Amino acid sequence: MTSQPGDRWDAVVIGAGPAGSIAAAGLARRGVRTLLVDRAVFPRPKLCGGCLAPAGLGAIQRAGFGSIESVRDSLAVSRLDLHSGKYMASVGIPAYRVVDRSSFDSDLADGAVRSGAVFRDGIRAMVHPDCTVSLEYRRGRNPSVERVRPGIVIVADGLKGGSLAEFDLFAWSVRNASLVGIGGVGERYPGELAPDAISMFHSDEGYLGVARLPSGRADLAAAVRPSWIRRQKGSGPLEGFVRSVGLDPASFGELRSVPGVPSLTRKRRTIEASGRVFVIGDAMGYVEPFTGEGMSWAVESGAQVLPFASDSLEGRYQEGAWAGVVRRERARRTLPCRLVTGALRVPGAVRAITIGGACVPLVDRWLSHFARVAFGATSVEPVK
Ligand SMILES: Cc1cc2nc3c(=O)[nH]c(=O)nc-3n(C[C@H](O)[C@H](O)[C@H](O)COP(=O)(O)OP(=O)(O)OC[C@H]3O[C@@H](n4cnc5c(N)ncnc54)[C@H](O)[C@@H]3O)c2cc1C
């Protein structure tokens, strides 16, 4: 069934990850009639290392969500244990928090509802070039489609969304040889890994991060070369990659994979259209998860877009303003991440990584340590 366009909503926000929920909460608090939709049924699994950087925690607190249960329960980590072959170096990092993504995202969506937004899950959204939105209700036996005409559309549908597929304007450009994301949750956290550290395992085929979840389970998230995945036979790619970096999959108890993510390093041709469609979070583009900044960028963009969205609803938005701000901000924020992830693939990259670290005082120590470990320099301690 297809209904006629309606104007019940001032704003439709597509995707209830951190970016979408923060944006929906902020809009609702400004008195904007806001519908937040997600195609998944919540709580849903989400591939992520779960490590929330200090910048992300600050943005969550500023958005008024500092006391949600999943943040209160989150575990503090201030060490990164870098493993490469038989070498391991342990370095201090600014205090990250480990969150369970499934609970974190549900709590944020609940927070958006408490702020006055309406949240509907199990709905796949598609944006049309006339800025109307089709909402495909996927629950139950008789899926139905409703078409709505909100004042603005905020697209926060992540790397796998596809809600902008009808717009050439928003086409992705994907970096050649981009890694893909795989991961899952282990029933228990291996005794040989420090419970208060993020453990990062690097190999020629990619890297795997392991962190202890507040429930005592283990979060595993990896960025891996697609060619390596294609060569795998037998057990699933997650188990195979865990083994390939020298860990025993059995030490995690039951290992449950979550849906993977294709080509991580990508960006969009543009991130706004007609002064009414605004793209935020991973849906704008992504570098790679190595530095654990994705959730922070998502939360920050969900808050940053609010004045632009308000201007659009009040008819005084200057086209290109959102894209301009993001271009400048992201170039600055993603520089260290782009340097590190690019350097991970380049032989003799130690110098480049050290330069990257030098640009960002807080991470310089661990980046240069990482460079020494991952590329086999001599002044590191072998694993006991
Ligand atoms: C391997 C890996 C490890 C990572 N580790 C970390 C880490 O340790 N720390 C960190 O900060 N970041 C990490 N990240 C990045 C982080 O997960 C993302 O940056 C973050 O989730 C982006 O949030 P978002 O709100 O933009 O999108 P998402 O969290 O991806 O949410 C998008 C939502 O949109 C929904 N959706 C999609 N299409 C539609 C549609 N058509 N209609 C309706 N809903 C739709 C999806 O169901 C989903 O719920 C990692 C990523 C990967 C791949």
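Things to note:
- A323 meets the conditions (1) open to solvent by 20 Å² or more (accessible area, probe 1.4 Å); (2) part of a helix (DSSP H, G or I) in every case but one. The failed one is (1).
- Among residues of region 128-182, those that are open to solvent by less than 30 Å² (accessible area, probe 1.4 Å) and at positive phi, counted: 2
- All helices (runs of 4 or more DSSP H) inside region 216-311 with 2 or more residues being within 12 Å of the ligand (Cβ to nearest atom), in the same structural domain as M200 (by TED's automatic domain parsing) and crowded, with 21+ Cβ neighbours inside 10 Å: 237-244
- Test: residue in region 59-66 that is buried (at least 23 other Cβ atoms within 10 Å of the Cβ) and within 17 Å of the chain's Cα centre (by Cα): yes
- Single match in D10, D38 (criterion: of a type in the set (D, E, K, R) and over 30 Å from V224 (Cβ atoms)): D10
- Only one of the listed residues (A211, A197) is away from the ligand (no atom under 12 Å from the Cβ) and either surrounded by fewer than 22 Cβ atoms within 10 Å (Cβ to Cβ) or modelled with pLDDT of 95 or more (or both). That residue is A197.
- Contacts under 8 angstrom Cβ, first residue in region 183-202 being of a type in the set (S, T, N, Q), partner open to solvent by 20 Å² or more (accessible area, probe 1.4 Å) and part of a strand (DSSP E or B), 6 or more apart: S199/H83
- Tally of residues being farther than 21 Å from S257 by Cα, more than 12 Å from the ligand (Cβ to nearest atom), part of a loop (DSSP other than H, G, I, E, B) and modelled with pLDDT of 90 or more across region 156-194: 4
- Residues located in region 54-95, provided they are part of a helix (DSSP H, G or I) and touching a Cys at 6+ places or on another chain (Cβ under 8 Å): none
The values are calculated or read from the model by the stated rules, or taken from the named source; none is laboratory data. Here the structure is a predicted model, which means the values were calculated and not measured. For neighbour counting, all protein chains shown are included, and Cβ atoms are generated from backbone atoms with ideal geometry for every residue, glycine included. We work out accessible area using only protein heavy atoms, side chains counted, and drop any ligands, DNA or RNA first. Shrake-Rupley method; radii C 1.70, N 1.55, O 1.52, S 1.80 Å.
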